[in-house]
Structure formats: C-alpha cells, structure tokens
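Asks: Below you will find the structure I want to go over with you.
The values are calculated or read from the model by the stated rules, or taken from the named source; none is laboratory data. Predicted model, so just to flag it, every value in this text is computed and none were measured. Cβ coordinates were reconstructed from backbone atoms using ideal geometry, including for glycine residues, and neighbour counts include every protein chain displayed.
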Amino acid sequence: MLSEFDKPYNPKEHEDKIYKLWEESGFFNPDNLPNKKGEHFTIALPPPNVTGSLHMGHALNATIQDILIRKKRMESYQTLWLPGTDHAGIATQNVVERDLKKQGISRHDLGREKFLEKVWEWKEKYGDIILDQLKKMGASCDWSRTRFTMDTEYQEAVKIAFLHYQKKGWIYQGERVISWCARCRTSLSDLELEYQEEKGKLWFIKYPLAEAPTQGRSDDFVVVATTRPETMLGDSAVAVNPKDKRYKNLIGKKIILPIKNHEIPIVSDRRIEMDFGTGAVKITPAHDMLDEQIAITHKLPAIQIINEKGRMTKEAGEDFDGLKILEAREKVVKKLEELGLIEKIEDYTHNIAKCYRCGTTVEPLRSKQWFLKMSELAQLAMRDVKNKKVKFHPKKWEKIYLKWLSGVKDWCISRQIWWGHKIPIDGVDDVLDTWFSSALWPFATLGWPRAKSKGSDLEKYYPTQVLSTARDIINLWVARMVFSGVEFLGVSPFSDVIIHATILAKDGRRMSKSLGTGVNPMDLINKYGADATRFGLIWQAMGGQDIHWSEEHVVAGKKFCNKIWNAARFVLKQCQPSLKSDFGSQKKSDFFPGGKTSADKKILAQLKKTQKQVDKLIDKYEFGQALHILYDFFWHDFCDVYLEESKKNPNPEVLARVLKESLKLLHPFMPFITEHIWSKLPGVKNLLIIEEWAL
RNA sequence: GCGCCCAUAGCUCAGUGGUAGAGCGUUUGCAUGACACGCAAAAGGCCUGAGGUUCGAUCCCUCAUGGGCGCACCA
C-alpha cells in the first residue's frame, strides 16, 4: 500500500485524477451533498471574459473563493459556487475582428448576422479555456450550473430589466458629448476610459478682435491656449472668467475665428480657470464636455467637425474635410503660422483618455445615446452600504464606492457594436453596455425573472453571501450589482465584498506582458503544482495589501506539500504495525485519544488552538494569516517536535488524530494533496471534500 | 489638484504601547530509522527622517521624504 508513496510528492501524478474524482462525486453541486445543514452558502464567480485567459489576479481570486466554499461545504452548508463567463462585448468583438482581419475581412464585409455567427463560433471554440484553467487551480464550482451572459435565459433577464427601467421612466435618449472610440466605433462610459500620461504641446493662438481698438497692437488679440488646435474649427465662442480683470471689458464683444473667418462672441463663465493658460478658453461645444455645458448656458451652437470615424467633417471646412485628426492639426497649425497667429508653443504633459479595450485615444463627440437615470439607483446602492447590509473587506473600499455613487452621472448604456444584448426597442440597433448585463449576474444566473417559486435556485441561493473581486471594478460592477439586486429583488445580492490584493510585479508596478514581468499561473501549476501555487498566492495575501509577487513562496508551498506528504508517510508507517488506529472510527468525543504523555497533551492542545484560530481567520477573510498559523503548527509543532518525539515513544492514535485534523484544516488551502493523502488513510470512506470541518 | 495606502532582516512580508518574527536567501555542522523539497545550529534589523503624546513607542498623533493607488481633470 505504501508502494505508491514515493519519497517526493509529485503533484502532476495526482491533481487531474483527484479533480476527476471530485467531479464524479457530484459534490460540487449542492443538491448532491450528503450532510445538509439546511443553510445555504452561495458565491457567484465573477464571470471572466470569454476572451481571457487566467492571470494572477484570477488565480488569487479563485483560491480565495475556493477556500471559503470548501470550508463551508465541510461545515455542512449547502454550498454553491456558480461559475460562468461574460460575453465582454467590446473585448470579444475586437478579438474576432482581429481574427477576421488576418483573412482580410472586416465585420462590415460580413454584415451583422454573419459576423455574430462568427463570434458565436469563436466563443464555442475558445470561450471555456479560462474555466478549464480554473479547474486546474482546483476550483470547486458547480459546473452543471455554468452560465454565460448571452444564454437565451440570460438575454431574457436583460430584456426584462431594461423594460422595467423603461417603465419607470429611467431610460431616455439624449444627444450629448460622450466618449467615443473611433476604432471600436462605439461610445464608452466614464469607467471604460483609462488615462495615460502623454507629452503634448500647448499652442497659444491669437484670435483677432472684430473691432480692434488699436491697430496692430497686442491687445488687438485674445490669446487662447489649447492642446488641440484642430478643434478651433468647431469653436463657437471664447470664454473668460467674469472675475478676470484682464478681459473684463471684452465680455460681450465679438472676436474673429481665424481660418473660418467668422465672428464668435466672448462670453463669461465661472467655470473657467483664470490661472491656466491665458485665462481665455476656446469653446468647442461638440467636442468637449465642459465646453458643451458652457454652450448650453450661453445658447451657443455646437458644430460637429469630427465624425465617428475619427475624420474631419464638411463642417470643418473644405480644406479639412476627410482628414484624420492629426493631419488636420498639422494643417491648422501651419495655416495659423502663415497667418502669424501662433504666439508660442509650449511643451505640455497631460493625461489623455484611452479606450480601455483597445488603447485608442478617445474622442469626445456629440452623439445620440441611451441613458439610464442614476439618481435613485445610486441611492439604493449607497443605502445598503451605509446601513451595513453590504460590508467591504477591507473597509477602506467603501469610501471609493460611496464617493463614486454620490457624484455619479447618468449611465450611458448604449454601444454601437454588434456583439451584445440588443436594446429592446424596435428599430434600435445599438447593444447594451456589457456591464448592464453583468450587473444582473448574481440573480440572472439563478433563473430570474422566471423561477421565483419555492425550491427554485433563486429562492434557495439568492442572496449570495460573498463577492470576491478586484478593486478596479468596484464601481464598474459591484455598485451596479448592488442597485440591480435591490431594485429587482429587494435585497442586495451579497452581504460581504472581499476586495482582494492586486498582484504586482516584484518592482511594485503592474505586471506587463511587454516588459516580460507577467507571470502565468498555469506555468506555476506546471512547475510546482496547483496546491503550491495556491499556497504561494495565499501566503502573500495579507490584509488586502498589494502583493509584490515573489515566486519563492510558491517554492515554499511545494516544499510544504512535500513535508505534508512525508509526515503522512511517517504517521502511516507508525500506525500500520499496530493497526490499532482506525482512521475512520474516531468520534468527536475522542478528541484526546490516549493522550498520556505531556507531548501528547501539548500537541493536542496546539491542534485545538490552531483549529480555532484558522476557523476564525478564514471567517474574517484573513487567509494569509490563517495559512501562516497552519504552516507553523504543522511544520514546527507537529513535524519538528511531536513527530521526532514519536520516534522514541509513538502514540498511533494521537498521530492519526493530528494528521487527520490537519488534513481537514489544510484542505481548503491545498485541496489536492490533502484529498490524496486522505484517500490513503485506512478506514476512511468519505472524500475529504465533504468531511466534517471542525470539532 | 483632492483623497487613500505603504515604508521592519539581503529579498518578499507578518507583528505588538514595554526594546522584534516568518518564508526565501546566506553561514556552519549532519546522510538521525517521514522528508536533503530535509534536520540541528547561526549570522543578520538604532523597525525611513524630524517633532509630539506617554513612565515608556517600531506600534498612537503631526510634519517631511520616498514608493504605490484611486478620483477629478485645466482648454
């Protein structure tokens, strides 16, 4: 029996087999669990994008959720971890478009129907890769309930949600300046922008006064500063602060817009900063959000000079029609120079908004879009956090959440792409923002709106208990799930939000593929095994603090696996000859089985203390702390001290007891090796995955 | 610009109002009857700087410096 117990533990030989054993047992599905407490414990897996492959953040998050799920399952909760994937509108469409481009085909060549067929094909082929990777991590999700945000039932849920909002009068169409990605050809919400610092220039342009008080002197001009000279072609005013003494007597006068050579007014507005640039600002209502606001106040016309393809329009003037933005910029600057209207050019570093999916510079454009009124929904989302129905761990993230909600603008929910949920209004071709459907995840996956009856999944598993996710989607996703849950079901979709650490490269910067600082969890699994990888992740996950990734801890995890393995070999060897200790027969009441010597008593007391601490720490989501304590107990107290003692005077019953209880405690963290060793214990009948947790 | 977080051993990080710990690394022994992915020892830190509270601070407060992050963007 010990023959397959080779000296070093080799995870590759066991992990796939063990995972299969679990899947075949059916215990990932809460309906099949033998000991049911009657209480439910649900986690909805944050659905990874179908385009994605597992990164370190996913791996950490999956481990955290799996620890909670496995512990609760062992505590006899009816435990559901519901997995699935997100259709990830823009991201997926981009990937498929890129694929087609290799064959020289654009989505427009195919047309909407054909293109969507291609996307579905792609999804069927690659969409489950990330879920398979989660299996490699040991994630004990109920795969029989796997959902996709474009499932037929899910589409129905999205439609019902939209119509509900519409009925309430919260959906409206508006024409306003929004962020536009000319590459993706769609609008983007504020949260879908990423700002990048760029070195640019600040052009100081002289706008001549219509009625020059003096001829040829410097005060015949108003100088405006801009980073985007080409937008002057769409100017409809120059604005100054009413308190600005320099311009006081110019307010209300006319000024000539160069190149276009027509008069525009000088207006005053408090929103103009006096200290920046020259204090005089060119107003381009169709291509800047603040300018648009100012234009509304002063009833200025909005002239669209850039179209949705990122090209200049006819409105920009004959010379510019059809030019790309940067070409137009060059040409405008050249003309102004010829006219002697450039006062100076300064270097200027500023943040530029980029599309979070493709990195293209975002263009503020006036466009007709659909909006969801946020005022009341934001109140709901804030209420449940303020009254502690939803708690963040660590708590500091509540601030971020509340702050965003308190100033939130109406949500632009329409996107001009093809892959997604079509807006359910006849004659509208736009699709909904991906996050509109993600917001329904915790209940749309459980059958809402259809199944509300007794015994339905929705009734049993909603609300879920824990949401574990990354901090960058607190507003994008968490807030929207909270108000959706409250709006549609009257209860927040979860009570505890774990914001896990962000895994950074060793230098403290984000992992980057191009810099070669990225780490692939699958490589770690291949090299060290899934248990060691999980160990390495959790070992470093202390208090939600960002992790400067270092692989040594995975190495430590591998060594720890080996230690557990060899300790088990020793214990089995000690227990084998006497066969007195039947590992399967011990009852709760036998907690101090034959604890005669002081060493026996000591290790049993240490075990009990460790059990209590680990139990409490997991419940407090202090996974790193829990693992450190467990490690310390098992390696030092048990192996270094007690096992050594046992060589002189072995007590098989105590050895068996401590090993057994340790395996249980370790199982949520390192499920494979613990399950495997468990299966080797004589007299053991059940899988460890459903063994009773604590004493 | 506003806000948040971090600064402890060579590296990655724990920790406590009474003068510090882990993992990895390093040094020295040891093939001891589970494990060399090991065992036994050891070296290594005025706990970023300056003030303050306190009998006493690495831990509490203030400021500074360095690093990270979030929000808002100023044309």
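Asks: Filter the stretch A:672-693 down to the residues that are in contact with an Asp or Glu (Cβ under 7 Å, 6 or more places away or on another chain) and either free of Cβ contacts under 8 Å to residues at least 12 places away in the same chain or in a helix (DSSP H, G or I) (or both) and list them by number.
Replies: Those that are in contact with an Asp or Glu (Cβ under 7 Å, 6 or more places away or on another chain) and either free of Cβ contacts under 8 Å to residues at least 12 places away in the same chain or in a helix (DSSP H, G or I) (or both): A:672, A:673, A:688, A:689.
Asks: Quick one: count up the residues across the stretch A:539-563 that are under 20 Å from residue A:632 (Cβ atoms), surrounded by fewer than 21 Cβ atoms within 10 Å (Cβ to Cβ) and more than 6 Å from RNA strand B (Cβ to nearest atom).
Replies: Summing the residues that are under 20 Å from residue A:632 (Cβ atoms), surrounded by fewer than 21 Cβ atoms within 10 Å (Cβ to Cβ) and more than 6 Å from RNA strand B (Cβ to nearest atom) in the stretch A:539-563 gives 0.
Residue by residue, here is whether (1) closer than 23 Å to residue A:331 by Cβ; (2) away from RNA strand B (no atom under 15 Å from the Cβ) holds:
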site: A:230; (1), (2): yes, no
site: A:236; (1), (2): yes, no
site: A:249; (1), (2): no, yes
site: A:269; (1), (2): no, no
site: A:280; (1), (2): no, no
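Asks: Against the conditions (1) within 16 Å of RNA strand B (Cβ to nearest atom); (2) farther than 24 Å from residue A:187 by Cα; (3) without any contact (Cβ under 8 Å) to a residue 40 or more places away in the chain, where does residue A:407 fall short? Just the number, please.
Replies: The failed condition is (2).
Asks: OK, next. Would you please name the residue that is nearest to residue A:396 (Cα to Cα), looking only at residues in the stretch A:539-559 that are part of a helix (DSSP H, G or I) and out of contact with any Phe, Trp or Tyr (no Cβ under 6 Å at 6 or more places or on another chain)?
Replies: Per the criteria, the residue is A:540.
Asks: Could you check, for the stretch A:468-475, whether at least one of its residues is in contact with a strand residue (DSSP E or B) (Cβ under 8 Å, 6 or more places away or on another chain) and farther than 21 Å from residue A:68 by Cα?
Replies: No, that holds for no residue.
Asks: Next question. In the list A:161, A:210, A:157, A:139, which residue meets the criterion of being small (Gly, Ala, Ser) and over 30 Å from residue A:28 (Cβ atoms)?
Replies: Step by step, each of A:161, A:210, A:157, A:139 is checked, and only A:210 is small (Gly, Ala, Ser) and over 30 Å from residue A:28 (Cβ atoms).
Asks: Here are A:498, A:473: which of them is farther than 29 Å from residue A:614 by Cβ and within 16 Å of RNA strand B (Cβ to nearest atom)?
Replies: A:473
Asks: Still on this structure: Report, by residue number, each residue of the stretch A:611-636 that is more than 12 Å from residue A:67 (Cβ to Cβ) and crowded, with 22+ Cβ neighbours inside 10 Å.
Replies: Answer for the stretch A:611-636, where residues must be more than 12 Å from residue A:67 (Cβ to Cβ) and crowded, with 22+ Cβ neighbours inside 10 Å: A:633, A:634.
Asks: Can you name the residue in the stretch A:479-511 that is among the hydroxyl-bearing types (Ser, Thr, Tyr) and modelled with pLDDT of 90 or more and, of all such residues, is farthest from residue A:160 (Cα to Cα)?
Replies: Once the filter is applied, the top-ranked residue is A:495.
Rundown of residues vs (1) touching a residue at least 40 places away in the same chain (Cβ under 8 Å); (2) within 14 Å of RNA strand B (Cβ to nearest atom); (3) not in a loop (DSSP other than H, G, I, E, B), yes/no style:
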{"residue": "A:608", "(1), (2), (3)": "yes, no, yes"}
{"residue": "A:615", "(1), (2), (3)": "yes, no, yes"}
{"residue": "A:624", "(1), (2), (3)": "yes, yes, yes"}
{"residue": "A:633", "(1), (2), (3)": "no, yes, yes"}
{"residue": "A:650", "(1), (2), (3)": "yes, yes, no"}
{"residue": "A:653", "(1), (2), (3)": "yes, no, yes"}
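Residue by residue, here is whether (1) at pLDDT 90 or above; (2) buried (at least 22 other Cβ atoms within 10 Å of the Cβ); (3) closer than 30 Å to residue A:474 by Cα; (4) in contact with a helix residue (DSSP H, G or I) (Cβ under 8 Å, 6 or more places away or on another chain) holds:
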| residue | (1), (2), (3), (4) |
| --- | --- |
| A:178 | no, yes, yes, no |
| A:185 | no, no, yes, no |
| A:200 | no, no, no, no |
| A:213 | no, no, no, yes |
| A:218 | no, no, no, no |
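Asks: While we're here: For a quick check of your reading: which helices (runs of 4 or more DSSP H) sit entirely within the stretch A:439-538 and have at least 3 residues that are under 30 Å from residue A:13 (Cβ atoms)?
Replies: A:521-528
Asks: I need the full set of residues from the stretch A:318-349 which are away from RNA strand B (no atom under 16 Å from the Cβ) and either within 37 Å of the chain's Cα centre (by Cα) or surrounded by fewer than 16 Cβ atoms within 10 Å (Cβ to Cβ) (or both), in order please.
Replies: A:318, A:319, A:321, A:322, A:324, A:327, A:330, A:334, A:337, A:338, A:339, A:340
Asks: Let me ask something else. Counting only residues that are touching a Pro at 6+ places or on another chain (Cβ under 9 Å) and not aromatic (Phe, Trp, Tyr), which one in the stretch A:647-673 is farthest from residue A:134 (Cα to Cα)?
Replies: Taking the candidates together, the pick is A:651.
Asks: I'm trying to understand the selection: among the residues of the stretch A:350-378, which are assigned to a helix (DSSP H, G or I) and either within 23 Å of the chain's Cα centre (by Cα) or not polar (S, T, N, Q) (or both)?
Replies: Residues satisfying the conditions are A:376, A:377, A:378.
Asks: Yes or no: residue A:608 modelled with pLDDT of 90 or more, in contact with a Leu (Cβ under 8 Å, 6 or more places away or on another chain) and over 25 Å from residue A:532 (Cβ atoms)?
Replies: When the stated conditions are applied, residue A:608 passes them.
Asks: Shifting gears a bit: In the stretch A:289-298, is there at least one residue being of a type outside the set (A, V, I, L, M, F, W, C), at negative phi, within 9 Å of RNA strand B (Cβ to nearest atom) and touching a Ser or Thr at 6+ places or on another chain (Cβ under 8 Å)?
Replies: Yes, that holds for at least one residue.
Asks: Would you check which residues across the stretch A:322-339 are part of a loop (DSSP other than H, G, I, E, B) and touching a residue at least 40 places away in the same chain (Cβ under 8 Å) and list them?
Replies: If the condition is that a residue be part of a loop (DSSP other than H, G, I, E, B) and touching a residue at least 40 places away in the same chain (Cβ under 8 Å), then A:339 is the only one that fits.
Asks: What's the number of the only condition in (1) under 30 Å from residue A:489 (Cβ atoms); (2) within 12 Å of RNA strand B (Cβ to nearest atom); (3) of a type in the set (A, V, I, L, M) that residue A:374 fails to meet?
Replies: Single failed check for residue A:374: (2).
Asks: Just a yes or no: is a residue in the stretch A:145-162 away from RNA strand B (no atom under 16 Å from the Cβ), part of a loop (DSSP other than H, G, I, E, B), surrounded by 14 or more Cβ atoms within 10 Å (Cβ to Cβ) and hydroxyl-bearing (Ser, Thr, Tyr)?
Replies: Among the residues of the stretch A:145-162, at least one is away from RNA strand B (no atom under 16 Å from the Cβ), part of a loop (DSSP other than H, G, I, E, B), surrounded by 14 or more Cβ atoms within 10 Å (Cβ to Cβ) and hydroxyl-bearing (Ser, Thr, Tyr), which makes the answer yes.
Asks: Just checking, which of A:63, A:51 is in a loop (DSSP other than H, G, I, E, B), out of contact with any His (no Cβ under 7 Å at 6 or more places or on another chain) and crowded, with 18+ Cβ neighbours inside 10 Å?
Replies: Step by step, each of A:63, A:51 is checked, and only A:51 is in a loop (DSSP other than H, G, I, E, B), out of contact with any His (no Cβ under 7 Å at 6 or more places or on another chain) and crowded, with 18+ Cβ neighbours inside 10 Å.
Asks: While we're looking at this one, here's another question. So which pairs qualify, if the first residue must be in the stretch A:269-285 and within 8 Å of residue A:240 (Cα to Cα), the second must be near RNA strand B (Cβ under 7 Å from one of its atoms) and part of a loop (DSSP other than H, G, I, E, B), the Cβ gap must be under 6 Å, and the two must be at least 6 apart or on different chains?
Replies: So the pair list comes out as A:281/A:272.
Asks: Let me ask something else. Among (1) crowded, with 23+ Cβ neighbours inside 10 Å; (2) closer than 28 Å to residue A:39 by Cβ, where does residue A:437 come up short?
Replies: (2)
Asks: Name the one entry in A:297, A:313 that is surrounded by fewer than 16 Cβ atoms within 10 Å (Cβ to Cβ) and of a type in the set (Val, Ile, Thr).
Replies: Matching residue, one of A:297, A:313: A:297.
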